[in-house]
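What follows is a set of notes on a single structure, which appears directly below.
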Amino acid sequence: MFGTSANNYSGMKTWGVDLIIMGRLDDKIEKRTLASATPVIRDPKTKRPIFGIVNINANVDYSKINSEHAFQVTILHEFTHVLGFHVYYFENIYHNIFYKTDEEGVLRSYINSTKVLEVARKYFNCSNIDGVELEESGGEGTASSHWEARILLGDYMNGVAYIEEEVISEFTLALLEDT
């Protein structure tokens, strides 16, 4: 799924684009999931995503109050996954994730990229932070591909939507800069 294709990539260069994101409505997505996304093809040299897919749950009722805002935040969130906020990229491309067991015996994942550590050390006023925690629950689509809400509640890259409170935090911007 996360392969490269020289033919697809050269075609994109002919079109003069750096990234293609295909969106589609999907009526088979689990009811409580608003959408999902994944980078699919990466540049063979830079390893950055060049093609991704965003699947939008066709069964979500977007006619409610504030639903336009909710939809916009959801799409921004999913686009960020395509850009590389994804456990596959953390583990296999950027190598900026590590795992450790906490005092309760729970295995947790952490991002330790340069800019994220810089922001975390300043934000938490702690010079020996070795990583920022990622979500450890929520299943395959959520675990290790979102910020831990206990730590960064309100960031739009949490695994649980808090539509009215979500912000683009300096942590997410730092991670995107690092990747």
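If Met157 satisfies every condition in (1) at pLDDT 90 or above; (2) open to solvent by 40 Å² or more (accessible area, probe 1.4 Å); (3) under 17 Å from His77 (Cβ atoms) but one, which is the exception? Among (1) at pLDDT 90 or above; (2) open to solvent by 40 Å² or more (accessible area, probe 1.4 Å); (3) under 17 Å from His77 (Cβ atoms), Met157 violates only (2). The residues of region 57-76 that are more than 22 Å from Ile168 (Cα to Cα) and not in a loop (DSSP other than H, G, I, E, B) amount to a single one, Asn57. Of all residues in region 43-89, those satisfying the criterion of being among the hydroxyl-bearing types (Ser, Thr, Tyr) and within 11 Å of the chain's Cα centre (by Cα) are Thr80, Tyr88, Tyr89.
Figure legend. Inter-residue proximity from region 16-29: first residues surrounded by fewer than 11 Cβ atoms within 10 Å (Cβ to Cβ), second residues in a loop (DSSP other than H, G, I, E, B), beta-carbon distance below 8 Å, spacing 6+ or different chains. Indicated pairs: Asp27/Ala58; Asp27/Asn59. Restricting attention to region 38-72, the residues being within 14 Å of Ile21 (Cα to Cα) and either open to solvent by 20 Å² or more (accessible area, probe 1.4 Å) or of a type in the set (A, V, I, L, M) (or both) number 11. Being among the basic types (Lys, Arg) and modelled with pLDDT of 90 or more, is that true of even one residue in region 101-112? For region 101-112, residues among the basic types (Lys, Arg) and modelled with pLDDT of 90 or more: present.
When the test is whether a residue is crowded, with 19+ Cβ neighbours inside 10 Å, closer than 29 Å to Asp18 by Cβ and of a type in the set (A, V, I, L, M, F, W, C), Ile75 does not pass it. Listed by position, the helices (runs of 4 or more DSSP H) contained in region 77-179 that have at least 1 residues being under 27 Å from Ile41 (Cα atoms) and touching a residue at least 24 places away in the same chain (Cβ under 8 Å) are 87-92, 114-123, 170-178. When each of Phe98, Phe71 is tested for being in contact with a strand residue (DSSP E or B) (Cβ under 9 Å, 6 or more places away or on another chain), at pLDDT 90 or above and either farther than 23 Å from Leu176 by Cα or aromatic (Phe, Trp, Tyr) (or both), the lone residue that passes is Phe98.
The values are calculated or read from the model by the stated rules, or taken from the named source; none is laboratory data. Being a predicted model, the structure only gives us computed values, none of them experimental. Quick reminder, even Gly has a Cβ in these numbers, built from the backbone with ideal geometry, and neighbours come from all protein chains shown. For accessibility, only protein heavy atoms count, side chains too; no ligands or nucleic acids. Shrake-Rupley method; radii C 1.70, N 1.55, O 1.52, S 1.80 Å.
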